[in-house]
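I have placed the structure first, in the form of structure tokens, so that the comments after it can refer back to it.
Every number in this text was worked out from the coordinates using simple rules, so none of it is lab data. Just so we're clear, the structure is a prediction, and the values are computed from it rather than from any experiment. Note that each Cβ is placed from the backbone with ideal geometry, even for glycine, and that neighbours are counted across all protein chains shown.
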Amino acid sequence: MWLFGRKGPSGFSHSSTAEEVTRGIDGSGLTAIVTGASSGIGSETARILALRGVNVIMGVRNMAAGKEVKEAIVKEIPAAKVDTMELDLSSLTSVRKFASEFTSSSRPLNLLINNAGVMAPPFKLSKDNIELQFATNHLGHFLLTHLLIETMKKTAREMKREGRIVNVSSEAHRFAYREGIRFDRLNDEEGYSRWAAYGQSKLANILHANELARRLKEDGAEITANSLHPGTITTNLFRNLGVFEGVASTVGKFLFKNIPQGASTSCYLALHPQVKGITGEYFWDNNLAKTTSKAADTDLSRKLWDFSMDSI
């Protein structure tokens, strides 16, 4: 954590913005999917990638909001190449439809930014009868990545250019349930804690990236997979927190990151040449960071992989 502008080894800090960490980088010829791109750090990530010349596909649940963001980006950056596609990460059917439409278009794919998420809602099951945070934050992205990985491998081979997968996790992974992932109790409403469940889903994001990185290495694929903590940002993730939402928004102006700062590490991992070849790592404030021992547990990452494959 590089506070108050103090730069880490990368040359960037807590206060660095997405525009700053990508300055001078040419993303022309690259194609990226950004999930949850209709608001918050997702929309800023899409904007910055488009600013750097990347062809951006915004995966959005709310198409009207997505259209507004796209129009704002194109108004600011007339040469921007931006498309919107409907994607509800809490629905495996929606994920499959999105992936099918994308792959059938024969478009290349260099960058996959798994950004969308929900934070700390009351207990609820997804359309597939899976606890909502685990379903949206982890399982939807796991399936999406699984369905798009062959396209990414093909793109990397044909373009001879490294592909990158970026999982937006959180320091909240430190506050998951004691056992880490409740494989046998995912849908246990009685034992549900909205914050521990959120932490569980964010732990899953890290474990997914780590196991994916290991498997891609074994395959000899020129694709990296990393995870990150974007920082604490006052976005609409706070919408489930009731009265605390107003407090967070007010106090957050002074203590938390703004959205351009919050999107910086995602954009850094997507585009910066400093991270070429680096995979299976966790970043915070545009620098390498430490996780919990559970997040680094290879047995747990393999178990989660197998469980996720069985669940999709």
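Can you give the charge dipole size of the chain about its Cα centre, rounded to the nearest 20 debye, using +1 on the beta carbon of Lys and Arg and -1 on the beta carbon of Asp and Glu? Intermediate results must be reported in sequence, preceding the final value.
Numbers: 38 positive and 33 negative charges, 116 e Å.
Computed about the Cα centre, the dipole is about 560 debye.
Taking the Cα atoms of segment 3-311, report the difference between the largest and smallest coordinate on each principal axis, in whole Å and largest first.
Projected onto the principal axes, the Cα atoms of segment 3-311 cover 52, 45, 41 Å.
Based on the Cβ-Cβ distance from F183 to E218, what FRET efficiency comes out when R0 is 30 Å, to the nearest 0.05? Before the final figure, lay out the partial values.
Details: r = 24 Å, r/R0 = 0.80.
That gives a FRET efficiency of 0.80.
How far apart, in nanometres, would the label points at M309 and S28 be if each is projected 7 angstrom from Cα along the Cα-to-Cβ direction?
Reported label-point gap for M309 and S28 is 4.2 nm.
Which peptide among 165-173, 284-292, 141-149, 30-38 comes first, and what is the full order, when sorted by highest mean count of other Cβ atoms within 10 Å? Please list the in-between numbers first.
On the way: 165-173: 25.2, 284-292: 19.9, 141-149: 21.9, 30-38: 27.3.
Packing proxy ranking, top to bottom: 30-38, 165-173, 141-149, 284-292.
Let me understand segment 70-136 better: what is its radius of gyration from the alpha carbons, and its Dmax, in angstrom?
15.2, 43
Taking the beta-carbon count within 10 Å as an exposure proxy, list M309, M85, M58 from fewest neighbours to most. Kindly include the intermediate steps, with their values, before the conclusion.
Numbers: M309 11, M85 17, M58 28.
Ascending number of Cβ neighbours within 10 Å: M309, M85, M58.
Which order do peptides 106-113, 204-211, 261-268, 126-133 fall in by mean Cβ count within 10 Å, highest first? Could you put the intermediate results ahead of the total?
Details: 106-113: 21.0, 204-211: 26.6, 261-268: 28.6, 126-133: 18.2.
Sorting 106-113, 204-211, 261-268, 126-133 by mean packing, highest first, produces 261-268, 204-211, 106-113, 126-133.
Put a dot 7 Å past each Cα toward the Cβ at L288 and Q274; how far apart are the dots in nm?
1.3
Within segment 43-142, count lysine pairs with alpha carbon atoms under 24 angstrom apart where the residues are 8 or more positions apart or belong to different chains.
So the count works out to 8.
Long-range amide H contacts for G163: which residues qualify at under 5 Å (H placed 1.01 Å from N, peptide plane, sequence gap of 5 or more or a different chain)?
For G163, the qualifying residues are I223, T224.
What does DSSP give for segment 3-311 in terms of the percent of beta bridges that are antiparallel, rounded to the nearest 5? Walk me through the intermediate numbers first.
Numbers: 4 of 32 bridges.
Among the beta bridges of segment 3-311, antiparallel pairing accounts for roughly 10 percent.
Within segment 89-103, whose backbone N sits under 14 Å from a point 7 Å along Cα→Cβ of D128?
Zone members listed by number: 89-100.
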